[in-house]
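Report on the structure given below.
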Amino acid sequence: MTNQPDPVALLGQIYDHTETVLAKIGPEHYELPTPCTEWNVSELVNHMIGSVHFMASTIAGEAMPAGDPPDFTAGNDAVGEFRLAAKRSVAVWGGDGALDGSVHLGPAEMPAQVALGLNQLDILTHAWDVAEALG
C-alpha cells in the first residue's frame with residue numbers, strides 16, 4: 001500500500017510554487033514570448049488566473065458569466081489576483097463531496113478527481129512556461 005498525498009494539499013503546493021514564479025514578473029516581461037506560442041507572458045498569466053477561477057466556479061456549480069473574460073493582469077497585481085483565485089480554488093476543492101462524482105468542463109464530463117488532476121497539471125505546466133519565458 002502506498003501513501004498518496006492529499007490531492008487538494010498538492011494543488012495548494014502547486015499554487016504556492018506558481019505564485020513564487022509569478023512574483024518574478026516585472027512590467028518589462030509582459031510582452032515576452034512564451035513556450036505557448038499563442039500567448040505572451042501577460043496573456044498566459046491572464047489565462048492561468050482565469051483557468052483557476054473557471055475551475056473553482058465549475059466545481060462550485062456556478063454558472064460562468066456571459067461575455068469576454070476579464071483581464072486579470074490589467075491592475076498590475078497578477079500575484080494578488082492569482083493568490084485570490086488559488087485560495088478560493090483550494091477551498092472549493094476541499095469542500096464536502098467536491099471530489100465525488102463527475103463535473104462538466106466545457107463540452108466534456110469527467111470524474112471530479114480527473115478534473116482536479118487536470119487543474120494541477122495545467123497550472124504546473126504554465127508555471128514552467130512562465131519560468132521559461134523569464135529565463
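The values are calculated or read from the model by the stated rules, or taken from the named source; none is laboratory data. Owing to the predicted nature of the structure, the values given are computational and were not obtained by experimental measurement. Cβ sites come from the backbone with ideal geometry, for glycine too, and all protein chains shown count toward neighbours. Ligands, DNA and RNA are stripped out before the accessible areas are found, and what is left, the full protein with its side chains, is counted by its heavy atoms. Shrake-Rupley method; radii C 1.70, N 1.55, O 1.52, S 1.80 Å.
Could you list, in sequence order, the residues of region 15-44 that are surrounded by 18 or more Cβ atoms within 10 Å (Cβ to Cβ), of a type in the set (Val, Ile, Thr) and part of a helix (DSSP H, G or I)?
Those that are surrounded by 18 or more Cβ atoms within 10 Å (Cβ to Cβ), of a type in the set (Val, Ile, Thr) and part of a helix (DSSP H, G or I): 18, 21, 41.
Restricting to region 20-39, name every residue that is free of Cβ contacts under 8 Å to residues at least 12 places away in the same chain, under 22 Å from residue 86 (Cα atoms) and touching a strand residue (DSSP E or B) at 6+ places or on another chain (Cβ under 9 Å).
39
Being assigned to a helix (DSSP H, G or I), open to solvent by less than 40 Å² (accessible area, probe 1.4 Å) and in contact with a Gly (Cβ under 7 Å, 6 or more places away or on another chain) is true for just one of 92, 8. Which residue is that?
Unique residue meeting the criteria: 8.
For region 103-112, what are the residues that are over 21 Å from residue 66 (Cβ atoms) and open to solvent by 60 Å² or more (accessible area, probe 1.4 Å)?
Hits for region 103-112 are 109, 111.
Does residue 115 meet the test of being surrounded by 18 or more Cβ atoms within 10 Å (Cβ to Cβ), out of contact with any Lys or Arg (no Cβ under 8 Å at 6 or more places or on another chain) and in a loop (DSSP other than H, G, I, E, B)?
Spelling it out, it is not the case that residue 115 is surrounded by 18 or more Cβ atoms within 10 Å (Cβ to Cβ), out of contact with any Lys or Arg (no Cβ under 8 Å at 6 or more places or on another chain) and in a loop (DSSP other than H, G, I, E, B).
Tell me the residue from 77, 71 that is open to solvent by 30 Å² or more (accessible area, probe 1.4 Å), without any contact (Cβ under 8 Å) to a residue 12 or more places away in the chain and not polar (S, T, N, Q), please.
Answer to the selection: 77.
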